[in-house]
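Asker: Just passing along the structure, written as structure tokens.
The values are calculated or read from the model by the stated rules, or taken from the named source; none is laboratory data. The shown structure was predicted, so the numbers you read here are calculated from the model rather than taken from an experiment. As a convention, Cβ positions derive from the backbone with ideal geometry for all residues, glycine included, and neighbour counts pool all protein chains shown.
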Amino acid sequence: MKKAIVLLLPVLFMVNGCGAIAAFEQDATPAQQSAQVSQNEPFSYEPYARVLATYVDAEGKVDYKALGANRGDLDKFNNSLATLPRSTYDSWTEEEQIALWVNAYNSLTLKAIVDNNPKKSIRDIFRVWDRLKFNVMGEEMSLNHLEHKILRKDFNEPRIHMGIVCASIGCPLLRREPFVGDRLAEQLDEQTREFLALDRNFKLDRQDKRVHLSSIFKWFGEDFEITYGAKDKFTGKDKERAVLNFVSGYLSESDRNYLMEGKYKIDYLSYDWSLNAQ
């Protein structure tokens, strides 16, 4: 009886090939089915927009439990990153390309969290930034690759550090909408103002003559030098002067003048790696 079945299978497949393929597709996982569909759809941020609007609150915190239980839109968007044609990406403006990579970083970070369910911090996921790989335009990439080999290397836009979110309290707030090319400058400026408005990221203490900066500016200060370099104002090393010049553009005139005088010391605030969970 088993031999008869084995012999008939090729015949059935040949006679009704389309039906056999359809049956195979029906047995595919939801993620595979979503990837198959996304190949036939134009690239869109709509699924990702629904994720952000539904599971991110006004404080930039994420309901990871609910997102993990209803992850269809997240998977659909991440699958669309894999099938996005390189030729389509190459036809975009620089602002559209930057927006894509920032959105990809943030969305794939959400995937890393709901896939691995860390209890306290993203750092609980073993080598999360370089071991985990994600498919973007047919190429396997890590989160480190997206940030350091593409966003920081290919573009002179230091405000990306106000947009990319590593699922931690010390990060900028996760925005409740995707970044888009035609509003990228406006969105990154809003992100910066919100970031600097929080004492955990920036504090100006005239009494103690100290300026407290987020560790993000310590780690990536050199990224600000090309656009915001200022050798004759502010204080500190070249990268610190550049950061202070950048920061001053989002402050009151009084605070900006104080920073320009340079009569203070710079301290870097401890970075809070706690999960940005609701």
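Asker: So residue 112 ticks every box in (1) in a helix (DSSP H, G or I); (2) out of contact with any strand residue (DSSP E or B) (no Cβ under 6 Å at 6 or more places or on another chain); (3) closer than 23 Å to residue 41 by Cβ but one. Which box is left unticked?
Answerer: Of everything listed in (1) in a helix (DSSP H, G or I); (2) out of contact with any strand residue (DSSP E or B) (no Cβ under 6 Å at 6 or more places or on another chain); (3) closer than 23 Å to residue 41 by Cβ, residue 112 misses just condition (3).
Residue-wise test of (1) in contact with a Cys (Cβ under 7 Å, 6 or more places away or on another chain); (2) in a loop (DSSP other than H, G, I, E, B); (3) not assigned by TED's automatic domain parsing to the domain that holds residue 48.
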position: 171; (1), (2), (3): no, yes, no
position: 175; (1), (2), (3): no, yes, no
position: 178; (1), (2), (3): no, yes, no
position: 212; (1), (2), (3): no, no, yes
position: 218; (1), (2), (3): no, no, yes
position: 227; (1), (2), (3): no, no, yes
position: 235; (1), (2), (3): no, yes, yes
position: 251; (1), (2), (3): no, yes, yes
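Asker: Can you confirm whether the range 96-103 contains a residue that is closer than 15 Å to residue 168 by Cβ, part of a helix (DSSP H, G or I) and of a type outside the set (Phe, Trp, Tyr)?
Answerer: Within the range 96-103, none of the residues are closer than 15 Å to residue 168 by Cβ, part of a helix (DSSP H, G or I) and of a type outside the set (Phe, Trp, Tyr).
Asker: Against the conditions (1) under 15 Å from residue 134 (Cβ atoms); (2) among the charged types (D, E, K, R); (3) in contact with a Leu (Cβ under 8 Å, 6 or more places away or on another chain), where does residue 95 fall short? Just the number, please.
Answerer: That leaves (1) as the condition not met.
Asker: Looking at residue 175, is it without any contact (Cβ under 8 Å) to a residue 60 or more places away in the chain and among the basic types (Lys, Arg)?
Answerer: The answer is no for residue 175.
Asker: Among (1) assigned to a helix (DSSP H, G or I); (2) in contact (Cβ under 8 Å) with a residue 24 or more places away in the chain; (3) surrounded by fewer than 19 Cβ atoms within 10 Å (Cβ to Cβ), there is one condition residue 59 misses while meeting the rest; what is its number?
Answerer: Result: residue 59 passes all but (1).
Asker: Quick check on my filter: what residues within the range 74-123 are charged (D, E, K, R) and either at pLDDT 95 or above or over 25 Å from residue 55 (Cα atoms) (or both)?
Answerer: Within the range 74-123, the subset charged (D, E, K, R) is 75-76, 86, 90, 94-96, 111, 115, 119-120, 123.
Once the filter is applied, which keeps residues that are charged (D, E, K, R) and either at pLDDT 95 or above or over 25 Å from residue 55 (Cα atoms) (or both), the range 74-123 yields 75, 76, 86, 90, 94, 95, 96, 111, 115, 120, 123.
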